[in-house]
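Let me begin by presenting the structure, written as structure tokens, before commenting on it.
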Amino acid sequence: MQYLFRRWGKKFLSRTASHYPIRSASGRVLLSPLQKDEIRFIESWFQDRRTCELAFGVKAPWDVLETIREEYIEELQKDKVGVLSVYLEKDNKISSPVGFVRYKLFEKGRRRQARVGIILGPPEHRGQGIGREAFQTLLDYLFEQRDVKQIELDTATFNLAAQACFRACGFEPIREMEFTSINTQWTEKRLVMRLSRQQWERR
Ligand SMILES: CC(C)(COP(=O)(O)OP(=O)(O)OC[C@H]1O[C@@H](n2cnc3c(N)ncnc32)[C@H](O)[C@@H]1OP(=O)(O)O)[C@@H](O)C(=O)NCCC(=O)NCCS
């Protein structure tokens with residue numbers, strides 16, 4: 001996820017086209033812009049080594065992960081545009097954030113595209129369909145309301161849960177690449193995946 005968001009500037013992010021929160025089809029999952037005081041949740045999730053490995057896509061020593069984590073949080077503090085917290089609603093009560101999704105819009109050949117990512121923070125919330133539902137909600141929002149023609153993402157080749165989640169949402173693998181983290185020079189293999197508007201419409 002780190003690689004995705006470094007590369008695209010702010011210029012495609014200024015327009016907001018939706019009323020928040022965005023609700024999933026079942027109504028269980030809500031997405032709403034990340035608030036400044038919610039960054040503390042993300043900091044607490046990133047105390048966990050495995051979460052850092054999965055989120056940053058690197059199986060590195062803890063000091064390397066810490067460096068990446070600091071850079072990541074600093075970036076989030078500066079720019080929260082396109083970052084939506086994930087909440088759960090049950091019995092009319094909305095939970096604290098359980099994760100977040102991210103998107104960045106850009107133009108390629110006059111076609112609007114997006115790069116996306118997702119992190120569920122507390123491990124106990126994973127593997128229950130929440131990630132898939134939150135991600136599907138983001139994709140629907142981008143195709144329906146932001147007129148996106150194609151969405152790309154990348155994930156570590158070792159992150160099989162993320163790959164399964166992305167495949168379940170319709171993404172197909174297109175290539176493998178090597179990614180080197182800027183501050184740490186740590187290299188890891190990543191899988192690039194893509195979903196076109198036509199594929200999304202067919203589903
Ligand atoms: C990746 C992540 C968002 C997936 O969300 P999730 O809620 O755990 O996954 P879901 O329960 O919605 O499952 C989605 C699909 O993945 C499959 N899946 C989930 N966990 C899996 C695992 N550990 N191994 C293999 N498949 C798995 C499910 O069977 C499901 O497929 P199906 O719908 O065809 O049955 C979440 O696990 C997470 O945030 N992990 C930590 C951070 C991370 O890896 N982020 C992605 C960085 S690129």
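For region 2-202, a crude dipole built from +1 on the beta carbon of Lys and Arg and -1 on the beta carbon of Asp and Glu, taken about the Cα centre, is about 840 debye to the nearest 20. Between residue 146 and residue 70, the simple label model (points 7 Å from Cα in the Cβ direction) yields a spacing of 3.0 nm.
Only aspartates and glutamates eight or more places from residue 108 in sequence, or on another chain, were considered; those with a Cα closer than 16 Å are 147, 152. Between residue 49 and residue 178, the contour length at 0.36 nm per residue exceeds the alpha carbon distance by 44.3 nm. Phi angles across region 58-73 convert, under the Karplus curve 6.51 cos²θ - 1.76 cosθ + 1.60 with θ = phi - 60°, into 3J(HN,Hα) values of 9, 9, 10, x, 4, 5, 5, 4, 4, 4, 5, 4, 4, 4, 5, 5 Hz, Gly and Pro given as x. Note on residue 25 and residue 124: the extension gain reaches 33.4 nm, defined as 0.36 nm multiplied by sequence separation minus the Cα-Cα distance.
The Cα atoms of region 70-123 give a gyration tensor whose axes a ≥ b ≥ c have a/c of 1.5 or more with a/b no greater than b/c, which makes the shape oblate.
Panel order for 93, 104, by other beta carbons found within 10 Å of each beta carbon, from fewest to most: 93, 104. Note on the chain: the C-alpha convex hull projects to 11.0 nm² when averaged across all orientations.
Taken together, the values in this text are just the output of simple stated rules run on the coordinates, not laboratory data. These numbers were taken from a predicted model, which means no experiment stands behind them. We place every Cβ from the backbone using ideal geometry, glycine too, and count neighbours over all the protein chains shown.
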